[in-house]
Amino acid sequence: MNYCMEQCQGLKGNNGECCHIRDKNWIIGKVKDDKELLARVQKEYDKNLTWNDLFIDYDEGSKMFPDKPDWQNKDLYPAMRVRPELEGSPCVFFDNGCKIHDIKSDVCKEYKCQWLVNKEVRDKFVYVESKSQNQTCIGIKGGKFAGVVYKYGKVSFGKEEDENGNLPLQFQYDIVDNNGIPREQFGDDFFNLIGDILVLVMEEQTKYEPINRENNSN
């Protein structure tokens, strides 16, 4: 299923949330392939369109949404042009779906909303109940660490927010079953994976804001 076009944000029939500004701090930029995209659009869609028809520069955008921090950040320009006069301030190419979906910018191709990120993480693990453990464990479903079962130990939050306004998260963990994988292979990639899983579990259960973490294995 193409979730972005058919079930955006997990809502059946919804699409294009990232194609709208709405009331969130959001800008569709930086468009690094603006010249290439313009050429593709002129060839495949409308040869008469100009750069200004597709994109917004800093001078224009910073005045368009003066209260949105992303629109005051020069590093996020050029941005895709949006239409503030329409509900939700959609991208100029949005009309119940992206009109240039097959040739869209890299910034759109590479973007993943938090819902998609969470879905990808959620598909990577299952909860495991074991009589030998006094708590629910986590089982990795696929990839390099498929079959590994582990459990979290002490979890704590830092007292000060980081530069992104997130509370740093520290956690301990124990590997209950390494599924035959040597200990030395459990490096940063494993930590990043179980950190992502912990963040998702905690966000679902406690509704905390997105958080960062620091490693501490037992």
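Compute the distance in nm between two label points, each set 7 Å from the Cα along the Cα-to-Cβ direction, one at residue 32 and one at residue 120.
1.6 nm
Mean-square fluctuation check for the chain, GNM, Cα pairs under 10 Å: which of 61, 153, 195 is largest?
Among 61, 153, 195, the largest GNM mean-square fluctuation belongs to 153.
³J(HN,Hα) across segment 73-85 via Karplus (A = 6.51, B = -1.76, C = 1.60, θ = phi - 60°), whole Hz, x for Gly/Pro?
Karplus values, whole Hz, x for Gly and Pro: 9, 4, 5, 9, 10, x, 10, 5, 5, 10, 10, x, 6.
Given only helices, namely DSSP H runs of n ≥ 4 each adding -39500 (n - 2.57), what is the per-residue ellipticity at 222 nm of the chain, to the nearest 500 deg cm²/dmol?
That comes out to -7500 deg cm²/dmol.
Count charges around residue 142 for me, please; just the other residues with Cβ under 15 Å from its Cβ, Lys/Arg as +1, Asp/Glu as -1.
Numbers: positive: 119, 122, 124, 141, 144; negative: 120, 123, 189, 196.
With Lys, Arg at +1 and Asp, Glu at -1, the net is +1.
Please give me, ordered by residue number, the chymotrypsin sites (Phe, Trp or Tyr not before Pro) of segment 72-135 that lie in loop per DSSP and have at most 13 other Cβ atoms within 10 Å. Don't jump to the answer; show the numbers that get you there.
Numbers: sites: 93, 94, 111, 115, 125, 127; in loops: 93, 111.
When the chymotrypsin sites (Phe, Trp or Tyr not before Pro) of segment 72-135 are filtered for loop state and at most 13 Cβ neighbours within 10 Å, 111 remain.
Just how large is the dipole of the chain about the Cα centre, in debye to the nearest 20, putting +1 at every Lys and Arg Cβ and -1 at every Asp and Glu Cβ? The partial results should precede the final answer.
Working: 30 positive and 38 negative charges, 108 e Å.
Computed about the Cα centre, the dipole is about 520 debye.
Can you list residues whose amide H is under 5 Å from residue 125's amide H, if they're 5+ apart or on another chain and H is modeled 1.01 Å from N?
141
Specify which residue in the list 138, 42, 27 is farthest towards the positive end of the charge dipole of the chain, using unit charges on the beta carbon of Lys, Arg (+1) and Asp, Glu (-1), about the Cα centre.
138
Points 7 angstrom from Cα along the Cβ direction at residue 172 and residue 87: gap in nanometres?
Label at residue 172, label at residue 87, 5.3 nm between them.
Would you pull out the residues with amide H under 5 Å of residue 82's amide H, same chain only if 5 or more places away, H placed 1.01 Å from N?
92
Based on DSSP, what percent of beta bridges with both residues in segment 115-215 are antiparallel, to the nearest 5?
75 percent
Within segment 83-122, whose backbone N sits under 16 Å from a point 7 Å along Cα→Cβ of residue 24?
Under 16 Å, as judged by backbone N against the label point of residue 24, lie 88-91, 108-120 of segment 83-122.
Here, each number is a calculation from the coordinates, and none is a lab measurement. Since the structure is predicted, the reported quantities are computational estimates derived from the model, not experimental observations. For neighbour counting, all protein chains shown are included, and Cβ atoms are generated from backbone atoms with ideal geometry for every residue, glycine included.
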